[in-house]
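Working notes, beginning with the structure itself.
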Amino acid sequence: MSTAQETADGEMQPWAEVTPDAARRLLIAAVEAFAERGYHATTTRDIAGRAGMSPAALYIHYKTKEELLHRISRIGHDKALAIVRTAADGEGDAAGRLTDAVRSFVRWHAGQHTTARVVQYELDALGPEARAEIIALRRQTDAAVRGIIEDGVAAGDFDVPDVPGTTLAVLSLCIDVARWFNVDGPRTPDEVGGLYADLVLRMVGSKEE
């Protein structure tokens, strides 16, 4: 399945925020190449060839290969943060909000597994300024999940001796789905999301479990 065909929540991911069409095609080609070969082993010629364009055409839209990775990483992390914040800011108790956050976060990492692998595992290829920007977004995602867990502990609904460590464990569990998920496997993204939400409620000692 190509990056353009990956789905999450039944919706297409056309990278609509990337314009013009040539820039979007190059970005999609870069995601596929980075996921398949790794950032460092991928050349701008590889990316342009996958997009059906000449290497010179790539530089019209992106000055460097790193700029492409930065754009991919920024869009992906913005999406991940929005998913978690939507759940964190929702109504209901901490268990319900944590369930929504984990289910949606996992569903995105499974449904967009090719994109998510690049977004989550190529951070070290970015330069210092771009890397700092992405790390700041990751910290916001961490804070949103940590806030839900802290709410549950304060309400007496969760039993979590180490909130920061548990937050890291929850996020790591969710993100790793992108590494192993297979569209031909036995579970859909939604089913994996539901399974992981149940596992996380057990991790935090939820009284709803």
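Just a few scattered comments:
- Kirkwood radius, the range 68-122, all distinct C-alpha pairs, inverse of mean reciprocal distance: 11.7 Å.
- Each of the peptides 106-118, 144-156 was scored by the mean count of other Cβ atoms within 10 Å over its residues; in descending order, highest first, they stand as 106-118, 144-156.
- Remark on the range 31-152: Rg and Dmax equal 16.9, 54 Å (Cα only).
- Each helix, a run of at least 4 DSSP H residues, gives -39500 (n - 2.57); summed and divided by the residues of the chain, these come to -22000 deg cm²/dmol at 222 nm.
- Relative to the 2.2 N^0.38 Å rule of thumb, the chain has a C-alpha radius of gyration ratio of 1.08.
- Amide hydrogen neighbours beyond the local backbone of Ser206, cut-off 5 Å, H modeled: Asp159
- For the range 136-209, the calculated P(r), taken from all Cα-Cα distances in 10 Å bins from zero up to the bin holding the longest distance, is 18, 46, 29, 7, 0 percent.
- About the centre of its Cα atoms, the range 21-63 shows a dipole size close to 100 debye [charges on the beta carbon of Lys, Arg (+1) and Asp, Glu (-1) only; nearest 20 debye].
- Its Cα gyration tensor gives the range 21-63 an equivalent ellipsoid. The semi-axes, each the square root of 5 times an eigenvalue, are 16, 10, 8 Å from largest down.
- The residues Glu67, Glu36, Glu191, sorted by heavy-atom accessible surface at 1.4 Å with ligands and nucleic acids left out, run Glu36, Glu191, Glu67 from largest to smallest.
- Rounded percent of accessible protein surface that carbon and sulfur make up, the range 66-203, 1.4 Å probe: 49 percent
- Proximal aspartates and glutamates relative to Lys207, as straight alpha-carbon distance under 13 Å, when same-chain residues fewer than 8 apart are discounted: Asp93, Asp157, Asp159, Asp198
- Solvent-accessible heavy-atom area per residue, rounded to whole Å², over the chain at 1.4 Å: 48 Å²
- Residue of Val119, Val84, Val160 that the Gaussian network model of the chain assigns the largest fluctuation, springs spanning Cα pairs under 10 Å: Val160
- For the pair Val183 and Lys63 in one chain, pulling the backbone fully straight at 0.36 nm per residue adds 39.8 nm over the alpha carbon distance.
The values are calculated or read from the model by the stated rules, or taken from the named source; none is laboratory data. Keep in mind it's a predicted model, so treat the numbers as computed, not measured. As a convention, Cβ positions derive from the backbone with ideal geometry for all residues, glycine included, and neighbour counts pool all protein chains shown. Note: areas computed on protein heavy atoms with side chains; ligands, DNA, RNA excluded. Shrake-Rupley method; radii C 1.70, N 1.55, O 1.52, S 1.80 Å.
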